[in-house]
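The values are calculated or read from the model by the stated rules, or taken from the named source; none is laboratory data. Predicted model only: the values in this text are computed from it and were never measured. Cβ: placed from backbone, ideal geometry, glycine included. Neighbour counts: every protein chain shown. With ligands, DNA and RNA removed, areas are computed over all heavy atoms of the protein, side chains included. Shrake-Rupley method; radii C 1.70, N 1.55, O 1.52, S 1.80 Å.
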Amino acid sequence: MNTNSSNIMALAPNTSNKRETVCIFGTGDFGRALGHKMIQSGYPVVYGSRSTQISNLIPKDAEVLSHAEAAQKAAIIIIAIQRQHYNFLTPLAEILRGKVVVDISNNLKLNQYPESNAEYLAQLLPGAKVVKAFNTVSAWALQSGALDASRQVFVCGDDVEAKQMVMNIVRALGLTPLDQGSLLAAQGIENYPLQLFPMWKFPMFLSLGLTAFFFFYCLALDVIYTYVYEKNNFSFFIAITIPNRICPVMALILLALVYLPGVLAAIIQLYRGTKYRRFPDWLDKWMLCRKQLGLIALAFASLHAVFTLVSPMRSFVRWRTSKGIISQALNNKTEPLDTTNAWLSDSYLALGILGFFFFVLVGITSLPSVSNSVNWREFRFVQSKLGYLTLILCTAHTLVYGGKWFLSPSAYRWYLPNIYMLSLVVPCIVLVVKFVLVFPCIDKPLTQIRQGWERNPKYSE
């Protein structure tokens, strides 16, 4: 009875400036790093260990006791031990009754066990208030203070008061707690650190596939074809020329793929006459990875800008320029300025510069640190209005530069169109359909549908 009363008192909100003592089971890398961070934040820390000898690795202001003694001195016990070693906790079940037990463990693979480690811990200690937390933060980040990329700490548990106590500790350490609900969410929280860029898989595989396709496409037309039919060895095109053709093509196509799912969603909503029916799974997944597609497109556009800047330094370019100058000198004839080509050259350069500027602007606003500082209307204006303007400028840039090859028979080597012609297919489809969708006769019913109007309410789900 006295034990329960003391535990209830320990769980009461701390109204004084003095912080409650925290017990950490485990003196490994993470346990030591977490204890050091807590001591810096003003928490008295006591370690529970099999060996009570003081080690140089243990924070100097921390106390090291046996597991039972350490647990009796604190209302919050952090388990910094792997799941396979939880059996030592069974004899401590009575001591840990009513206390807050924080599970911070991770597994080696997704869904390694039928239940989460936190739920398994709750089964071992039925009288404890088990909370899952801190498993998304690394020991290195705690030690070095480099927490910019890992400030969020997912917290879940069945006891609201226990969760609040843990979240207070999280805030005191300079981290951001995110309440994920009951202990049933622990499985997802434990799987989270094991995921390797889950939202980047489709964009990365798509980008790699398209890049490989366009590389071999250009290799066939620019290197193999010229060697077979013209006896010219342009194999050095692989280093600069071919990448500088692939990068703008990939940037334009991926940018168009960012806005294509939105256009398809609008068409589906118009056809169904409601917004209350789910989109197909493939479209849902596509829409969720639009940010990643856009950032990869920006990376390709940046590479294109760099390749273009270094092009004048290439031996091939210097040779071609000097050859033209020598040819004019030998013929004693200066070619007049072609103002049409000058206009086309300056136009596609200007369009490219403007397109890249807005490309960077849209990419910057997609970063969390920037998007969190603007309201929804501002964010939508940049991502939608300026995004489409970027697509228009980049499409015009490619069209002005490569449009001349549409009617040139020499551009169709092996009856295959030039790579720039292929790059214009998806962007032009997106822009044409979007242009149709902004007509008042179509935009008005689409807006009404998105505001909740239904053509046939009986089909709503």
Two-site FRET efficiency, Asn372 against Gln451, from Cβ-Cβ distance with R₀ of 22 Å, rounded to 0.05:
0.25
Helix-only estimate, please: 222 nm mean residue ellipticity of the chain, summing -39500 (n - 2.57) across DSSP H runs of length 4 or more and dividing by its residues, to the nearest 500.
-16500 deg cm²/dmol
Share of the range 22-194's accessible area from carbon and sulfur, percent, 1.4 Å?
49
Over its Cα atoms, what ratio of radius of gyration to 2.2 N^0.38 Å does the chain give?
1.38
Output the peptides 390-402, 265-277 sorted from most to least packed, where packing is the average of other Cβ atoms within 10 Å over each peptide's residues.
390-402, 265-277
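Beyond 22 Å between alpha-carbons counts as too far, so tell me which of Lys37/Lys73; Lys201/Lys291; Lys37/Lys163; Lys333/Lys404 fall in that bin.
Details: Lys37/Lys73 19 Å; Lys201/Lys291 13 Å; Lys37/Lys163 20 Å; Lys333/Lys404 27 Å.
Lys333/Lys404, as the Cα separations exceed 22 Å there.
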Ile364 versus Val228: modelled label distance in nm, points set 7 Å from Cα along the beta carbon direction:
4.8
Stretched out fully, how many nm does the piece from Leu124 to Phe381 gain, at 0.36 nm a residue minus the Cα gap?
87.2 nm
With label points set 7 Å from each Cα along the Cα-to-Cβ direction at Asn168 and Ser311, the distance between them in nm comes to 6.4
Lys129: which aspartates and glutamates have alpha carbons under 14 Å from its alpha carbon, excluding same-chain residues fewer than 8 sequence positions away?
Glu94, Asp103, Glu119, Asp158, Asp159, Glu161
With a ≥ b ≥ c from the Cα gyration tensor eigenvalues, square-rooted, and the rule rounded for a/c under 1.5, otherwise prolate when a/b > b/c and oblate otherwise, the range 22-194 is rounded
Within the range 81-158, report the GluC sites (Glu not before Pro) that DSSP leaves as loop and that have at most 12 other Cβ atoms within 10 Å.
Glu94
Solvent-accessible area, 1.4 Å probe, carbon plus sulfur percent, for the range 352-461
68
Label point at Gln195 placed 7 Å out along Cα→Cβ; residues across the range 122-136 whose backbone nitrogen lies under 15 Å:
136
Gained length - Ile353 relative to Ala411, 0.36 nm times residue gap less alpha-carbon distance
18.3 nm
What trypsin sites (Lys or Arg not before Pro) in the range 16-101 are in a loop by DSSP, with at most 11 other Cβ atoms within 10 Å of the Cβ?
Lys18, Arg50, Lys60
Taking a probe of 1.4 angstrom, what is the accessible area of Phe357 in Å², to the nearest 10?
120
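Could you give the length gained by full extension between Asp29 and Leu108, i.e. 0.36 nm per residue of separation minus their alpha carbon distance, to one decimal place?
26.8 nm
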Regression test value, accessible area per residue of the chain, probe 1.4 Å, units Å², expected 57
Using r as the Cβ-Cβ distance of Lys323 and Phe202, and R0 as 41 Å, what FRET efficiency do you calculate, to the nearest 0.05?
0.35
